[in-house]
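Structure first, then comments.
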Amino acid sequence: MSDAATRDAQTALARTLVDEWVRHGVRHAALAPGSRSTPLALALARDGRIRLEVFVDERSAAFFALGTAKESGRPAVVVCTSGTAAAHFHAAVLEAHHSRTPLLVCTADRPPELRDVGAGQTIDQTKLYGDAVRWFVDPGPPEDSDNPAPLWRSLASRAVAETLGPPAGPVHLNLPFREPLVPTGAPVPEAPGRADGAPWTRTIRARRVPDPTDLDRLAQRISATERGLLVAGWGAAVDAPAVARFAGAAGWPVLADPLSGVRTGPHAVSTYGALLRVPGFADACRPDLVLRVGAALTGKTSSQWLDESVPQILVDPDGVWLDPRRATSERVAVDAQLLLEALADRVPPSRTTSWLDVWTAAEANARRAIDELVDGWDTPFEGRVARDVVTGLPDGSTLVVASSMPVRDVEAFAIPRSGVRFIANRGTNGVDGFVSTVLGVAAIADGACVALLGDLALLHDSNGLLGAARRGIDATFVVLDNDGGGIFSFLPQAEAVPESFELLFGTPHGLDLTALAALHDIPVAEASTSSDVIPALQKAIAAGGVQLVLVRTDRADNVARHREVWAAARVAVGV
């Protein structure tokens with residue numbers, strides 16, 4: 001084509017990618033500004049079908065996109081310029097990889113002639129994230145052609161498809177652009193999509209249906225086992241009705257981490273963390289068979305109790321090896337929802353057993369003892385705050401829980417309830433980008449979005465607060481301020497190296513978090529007593545916008561109170 005050199009292929013490519021992504025259902029993008037990413041940034045800003053949020057910090061942008069993807073289940077786009085900007089995406093990429101969250105990671109790059117020659121803001125971005133992405137592609141600088149649509153649109157289609165897996169996860173598009181980076185004013189080549197607005201390439205995914213022979217074998221084994229447990233961790237990929245049907249048919253208790261979304265119903269045991277700290281109960285109630293969906297339970301006590309001596313069947317549709325203790329005796333790579341529903345139909349009708357009675361009685365006694373104890377403490381206790389936040393949320397809410405102590409306290413203290421969705425960055429279990437993740441979730445959540453986090457998680461991603469009050473997002477942060485890393489006070493380091501503990505592990509920050517919030521125009525309500533937490537939470541939700549509820553606690557006192565709770569549970573079960 002004689003005028004090919006004069007047409008604006010870079011603008012055409014960027015607009016084509018965005019249009020194709022929209023055809024696949026992509027609706028959210030986050031951008032960290034930079035020069036080299038200009039063509040894609042302009043294309044995203046121009047397309048009114050995608051909500052674009054702009055962040056100063058690349059890490060915040062990536063975790064915001066991660067949050068929207070976790071909430072929606074659709075891939076979100078995150079864009080940055082070249083150089084170390086791309087490196088700041090790495091933590092979010094790793095979380096997306098391990099948590100199986102779809103994420104379209106777009107890093108702008110220098111063209112080949114500017115690499116390895118000392119050009120500024122240039123690093124080797126080829127496969128920058130290693131094996132943590134489902135697909136890496138560098139298509140080279142865009143070139144004009146008579147018919148670019150098949151190349152460009154199939155590239156965009158495959159990128160989306162790869163994020164959705166199986167297993168779902170991040171895709172890295174490394175996009176080299178040449179100067180001029182702004183539109184040249186020259187004609188923009190046409191790369192028309194499908195006439196009916198459909199994606200260029202639609203991918204149909206079949207659900208992994210259990211084999212009838214395997215179903216019959218598993219059903220017989222479950223029917224023959226009275227002392228069984230259904231254990232559900234985060235990423236369980238099964239709904240509460242299916243769990244309830246299976247548990248009712250099998251007559252088994254359900255040990256469900258709240259992050260699984262299935263801690264509901266009469267078979268749910270919420271106090272297993274405390275119960276399994278009672279040696280007599282833990283020994284007497286070791287199961288003969290465990291059916292596990294999702295990741296391992298959060299608490300170490302529970303995970304250690306389910307060791308290799310307990311026969312365990314792990315169900316994961318992607319066949320991921322979720323077995324940190326090397327204890328699994330059988331893996332079933334099928335859809336957990338379909339499996340539990342089918343097994344519920346094959347296992348003989350509902351039965352009540354002495355095994356189930358032991359667990360439900362222990363649950364009732366421990367629940368009563370724990371609640372009575374913590375309800376008597378007027379000074380805020382972190383376990384009660386976690387319990388009350390879960391209890392006080394309106395139906396339809398989403399609770400985003402930070403790693404370290406908050407996620408453990410939610411597991412240990414939350415009372416079974418429906419109507420709340422739980423989200424956490426448990427793929428890598430870090431506090432990286434937590435504030436930004438919450439804001440990403442809140443940007444598209446249908447109901448109230450609340451976060452439970454510690455002070456260090458807030459400070460670790462304080463850049464996520466930049467501009468948060470002006471994004472039109474409703475999010476309430478309940479912050480437990482114990483002036484440091486509370487989880488370390490439970491570890492052997494606290495007693496083994498007391499002379500170095502505060503410096504190396506306690507990490508007191510000594511900062512006024514209300515001043516930090518004021519810097520970002522975020523209102524703060526302080527809950528100075530335990531009974532203040534739920535009213536302060538509900539008032540913040542009703543007020544809308546970004547709000548912070550601050551609860552001050554003491555690390556040493558928190559450890560002591562946890563131990564009192566465990567002792568109360570021991571007395572309650574009488575073993």
Counted residues in the range 456-497 being touching a helix residue (DSSP H, G or I) at 6+ places or on another chain (Cβ under 9 Å), surrounded by fewer than 16 Cβ atoms within 10 Å (Cβ to Cβ), among the small types (G, A, S) and assigned to a helix (DSSP H, G or I) come to 0
Kindly check whether there is at least one residue in the range 144-152 that is crowded, with 20+ Cβ neighbours inside 10 Å, of a type in the set (A, V, I, L, M, F, W, C), within 30 Å of H90 (Cβ to Cβ) and assigned by TED's automatic domain parsing to the domain that holds T38. yes
Condition check for A296: within 18 Å of D357 (Cβ to Cβ) and either assigned to a helix (DSSP H, G or I) or aliphatic (A, V, I, L, M) (or both): no
Which residues, counting only those in the range 532-551, are in contact with a helix residue (DSSP H, G or I) (Cβ under 9 Å, 6 or more places away or on another chain) and not β-branched (V, I, T)? P535, L537, Q538, G545, Q547, L548, L550
Could you check, for the range 504-514, whether at least one of its residues is modelled with pLDDT of 95 or more, surrounded by 17 or more Cβ atoms within 10 Å (Cβ to Cβ) and in a loop (DSSP other than H, G, I, E, B)? no
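Residue-by-condition table, conditions (1) over 22 Å from P166 (Cβ atoms); (2) buried (at least 24 other Cβ atoms within 10 Å of the Cβ):
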position	(1), (2)
R23	no, no
A45	yes, no
E58	yes, yes
A61	yes, yes
F64	yes, yes
S82	yes, yes
Restricting to the range 394-410, name every residue that is surrounded by fewer than 24 Cβ atoms within 10 Å (Cβ to Cβ) and on the phi < 0 side of the Ramachandran plot. P394, D395, S397, T398, S403, R408
I'd like to check something: does the range 198-214 contain any residue that is surrounded by fewer than 12 Cβ atoms within 10 Å (Cβ to Cβ) and in a helix (DSSP H, G or I)? yes
Among the listed residues A386, A362, identify the single one that is assigned to a helix (DSSP H, G or I), under 29 Å from the mean Cα position of the chain (by Cα), buried (at least 19 other Cβ atoms within 10 Å of the Cβ) and in contact (Cβ under 8 Å) with a residue 40 or more places away in the chain. A386
Among (1) over 15 Å from I522 (Cβ atoms); (2) surrounded by fewer than 24 Cβ atoms within 10 Å (Cβ to Cβ); (3) free of Cβ contacts under 8 Å to residues at least 60 places away in the same chain; (4) not polar (S, T, N, Q), the one test that R426 misses: (3)
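The values are calculated or read from the model by the stated rules, or taken from the named source; none is laboratory data. No experiment lies behind these values; they were computed from the predicted model shown. Ideal geometry is used to build each Cβ from the backbone, glycine not excepted, and the neighbour counts take in all protein chains shown.
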